[in-house]
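Data block below; observations after.
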2 protein chains.
Amino acid sequence: MSEVFAVRRGRLRDRCSAAGTDAALVSLPANVRYLAGGAPPGAVLLLGVADQRDVLLCPRTSTGDPADGRPDEQLRLSVLPTTTGDPAVAAADLLDPATARTLAVEEHHLTVARHRAVRSVAPRLRLADLGRSVEQQRRVKDEEEISQLRIAAEISDQALGELLESILVGRTERHLALELERRLVDHGADGPAFRTSVATGPNSGRAGHRPSDRRVEEGDFLSVRLGANYHGYRCEIGRTFVIGSSPADWQIDLYDLVFAAQRAGREALTPGTAYRDVDRAARRPLESAGYGEGLAARTGHGVGLEIDEDPQLAPTAMGKLDACVPVTVEPGVHLPGRGGVRIDDTLVVRPEADGGPELLTITTKELLAL
Amino acid sequence: MSEVFAVRRGRLRDRCSAAGTDAALVSLPANVRYLAGGAPPGAVLLLGVADQRDVLLCPRTSTGDPADGRPDEQLRLSVLPTTTGDPAVAAADLLDPATARTLAVEEHHLTVARHRAVRSVAPRLRLADLGRSVEQQRRVKDEEEISQLRIAAEISDQALGELLESILVGRTERHLALELERRLVDHGADGPAFRTSVATGPNSGRAGHRPSDRRVEEGDFLSVRLGANYHGYRCEIGRTFVIGSSPADWQIDLYDLVFAAQRAGREALTPGTAYRDVDRAARRPLESAGYGEGLAARTGHGVGLEIDEDPQLAPTAMGKLDACVPVTVEPGVHLPGRGGVRIDDTLVVRPEADGGPELLTITTKELLAL
């Protein structure tokens, strides 16, 4: 496994030397984790391009647990606790002005103040922009990463499955969300991948809904969205159910529509398909049915070390799917005052030859009446 | 209440006009909330200095819930949904180049990339640094804010009190932490103020400890740290207990020492006392006892809309306490391999005439054997 991190850093090193930068400073936490393995909060990675020497700089935590200082043979990089101040500044300070003239930093993560502090300790250093190079490298996952996502999805399915067997009527959105998060951990998650959303009745179908004190009632739509964080990898599942013996006609019709849209999106997940075409496949059925107005800006997104990664499945997104890219497909319709339906899966793009898209979240998508 | 936000913005406006800036862009979420009330994630506040016109710019959420677009009479500012892109950029775009020549931004929060994007839409605009002006304004709380903190502390005491009545032996740190967070919400918290820490046996006394699968055992020290988020205001309480009928002598001695240090810190909380003197009061007893080495970089910090605010109670901190500043006092000692003790309270600095420091977290600090 430690091999993996060295290889990833090697690929970034090649990119940097091609771009003519002598060193790179990686500060975005998920990027640091991707390149150096688990790192304490606030740690930054200094990637030596010319000298091939990589250093993980860890902040001295204010909790009195000093970052562990031993050079990490496994990770093939030296781990340096920075007793005071900003590890990013300490990193720039490490560079030898004779050999390192250009340092690429993550301008989309580093604040203006930190950027200035880095410059001030190394005034002769030319600061360049690393851009989203590491994010781009993270987009296509290796099988090791996908197996972590597969476990995260299994855990999420288990937690959701258990909830469906419990009594729901009368309980609040807030408590159902907390119970789901507890079950995620029961089944081995490091924690929830994101804030669990439970939406009932008029709230149902709103993906961004924050659990309230509203209680589940007979006849409600109940939409749930959760995901496990397993070893840093985060997946997402969303389902909508009906509470009570028999759904109303409008509920059945709306569910069938969203289900068809979500299936169309899933079926569009083949290598080489443009992101926007996947979005269109999931979006068009909803637009044709007259729900174009309130639709979300996108119908899916990549997942991995962050719950919201490239690619974005949206009308204006540029680029094409590759194999081994995990994405969500999550169209939904919300009718103000009445509620709505969302169906959300995490899948991995696979070539037809390998059986097409691999569905990670396998909980049934038929309309269950609970 | 809405009055309050207008008054806060007025104070910031005065600061800005004194500094000669024509407008200020507030992007740090806690600062936006402080000045504009509850705002959707990613919202930014444009403070008009010359024209006195304030605008809250909300991102179009990717979830399809458009930010609510009506001008907010109550808040006395106009709320503007920004359909696409970065609200900070949209804000700069709103400014009239004729009247607004200088815009102060939060350089400690805005990334280099966003800063460049802001500049590019308003090239003639001079960008200045607002610095931590809003954070400084937030340091001293009004009675409304303190009453929110008081409720947050009550909720935290209740959640902790219930845990003490339950069976602990055999349960994992992870589950105890989750149960505490559930109880916080049961008692009306919007959520935990920070990730709850439960540390048993050799882990005990480490403030930064992340709950593991270790189970509570007879004879363990059990240290717990939690806090409620109530209407955005966050407090903190930490206690250490002994599991089993009778604590060992070393446990009693260590507990008495940390208790004395924490009391000394609490008693130093008077208006006009230097931050570093409060830290020294809590730190010296531990140093005298020979535990100077592994001590945390600080023994307390401010709390409010963020769990970690100014002031810092640390050896190198500059500044003096004011009345109505809520802070934590949280010294601790951790003996590698054996465990340790932390005691953590949230208090509000009050003049002697008003009875001295107001203790918000009132759970007993005598050494309980559970």
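Just so you know, all these numbers are worked out from the coordinates, no wet-lab data involved. All values derive from a computational prediction rather than experimental measurement. Positions of Cβ are backbone-derived with ideal geometry, glycine not excepted, and every protein chain shown enters the neighbour counts.
General observations
- Structure-based [θ]222 nm, chain B - -39500 (n - 2.57) summed over DSSP H runs of at least 4, per residue, nearest 500: -10500 deg cm²/dmol
- Nearest-first distances (nm) between copies at A:SER2, label 7 Å from Cα via Cβ: 6.1
- A run of chain B free of exposed loop cleavage sites, with GluC sites (Glu not before Pro) counted only in DSSP states other than H, G, I, E and B and at most 12 other beta carbons within 10 Å, reaches its longest extent at B:74-164.
- Positive-end residue of A:LEU226, A:VAL327, A:ALA18, charge dipole of chain A with Cβ unit charges: A:ALA18
- Values of log10 I(q)/I(0), in the order q = 0.04 Å⁻¹, for the protein assembly as shown under a Debye, Cα-only, solvent-free model: -0.17
- Rounded to the nearest 20, the size of the Cβ-charge dipole of chain B about its Cα centre is 1120 debye, with Lys and Arg at +1 and Asp and Glu at -1.
- In order along the stretch A:335-344, the Karplus-derived 3J(HN,Hα) couplings, from 6.51 cos²θ - 1.76 cosθ + 1.60 at θ = phi - 60°, round to 9, x, x, 10, x, x, 10, 10, 10, 9 Hz, and Gly and Pro are given as x.
- Sorted shortest first, the distances from the A:VAL169 label point to those of the same residue in the other copies are 4.3 nm; each point sits 7 Å from Cα along Cα-to-Cβ.
- Per residue of peptide A:107-120, the mean number of Cβ atoms on other chains within 10 Å of the residue Cβ is 4.
- Once the Cα atoms are used to define both axes, helix A:173-186 deviates from the longest principal axis of chain A by about 60 degrees.
- For the segment A:295-303, counting C-beta atoms of other chains within 10 Å of every residue's C-beta and taking the mean gives 2.
- P(r), alpha carbons of the stretch A:83-236 - 5 Å bins starting at zero, rounded %: 2, 9, 14, 12, 10, 9, 9, 10, 9, 7, 5, 3, 1, 0, 0
- Average beta-carbon neighbours from other chains, 10 Å sphere, peptide A:206-216: 2
- Computed across the stretch B:170-326, the Kirkwood radius stands at 16.8 Å (inverse of mean 1/r, all Cα pairs).
- Whole-number D in µm² s⁻¹ for chain B, Kirkwood Cα-pair radius fed into Stokes-Einstein, 37 °C, 0.692 mPa s: 148 µm²/s
- For the stretch A:128-213, alpha-carbon Rg and Dmax in angstrom: 16.7, 57
- 5 angstrom amide H check on A:ASP54, placed H, neighbours 5+ away: A:GLY48, A:SER78
- In the distance distribution for the stretch B:313-352, Cα-Cα pairs more than 11 Å apart total 72 percent.
- For the stretch A:271-370, the spread of Cα coordinates along the three principal axes comes to 42, 34, 26 Å, biggest extent given first.
- When only alpha carbons are used to place a centre, the stretch B:318-339 and the stretch A:123-150 end up 38 Å from one another.
- Of all DSSP beta bridges in chain B, antiparallel share, percent nearest 5: 75 percent
- Each residue of the stretch B:208-216 is assigned a 3J(HN,Hα), and the resulting list reads x, 4, 8, x, 10, 8, 5, 9, 5 Hz, derived from the Karplus form 6.51 cos²θ - 1.76 cosθ + 1.60 (θ = phi - 60°), x at Gly and Pro.
- Charge dipole of the stretch A:140-359 (Cα centre as origin; +1 on each Lys and Arg Cβ, -1 on each Asp and Glu Cβ, all else neutral): 680 debye, rounded to the nearest 20.
- Cα gyration tensor category, rounded, prolate or oblate, for the stretch A:229-279 with a/c compared to 1.5: oblate
- Taking every Cα-Cα distance in the stretch B:201-249 and sorting them into 5 Å bins from zero, the calculated P(r) comes out as 5, 18, 25, 20, 15, 9, 6, 3, 1 percent.
- Shown in residue order for the stretch B:107-123 are the 3J(HN,Hα) couplings computed by the Karplus curve 6.51 cos²θ - 1.76 cosθ + 1.60 at θ = phi - 60°: 5, 7, 10, 5, 6, 4, 5, 5, 4, 5, 5, 4, 4, 5, 7, 9, x Hz (x for Gly and Pro).
- Restricting the stretch B:98-149 to trypsin sites (Lys or Arg not before Pro) in coil, as DSSP defines it, with at most 14 other Cβ within 10 Å: B:ARG124
- Partners for B:LYS365 among lysines (Cα-Cα distance below 30 Å; same-chain residues under 8 apart left out): B:LYS141, B:LYS320
- Three semi-axes of the equivalent ellipsoid, the stretch A:2-138, Cα gyration tensor, whole Å, largest first: 20, 18, 14
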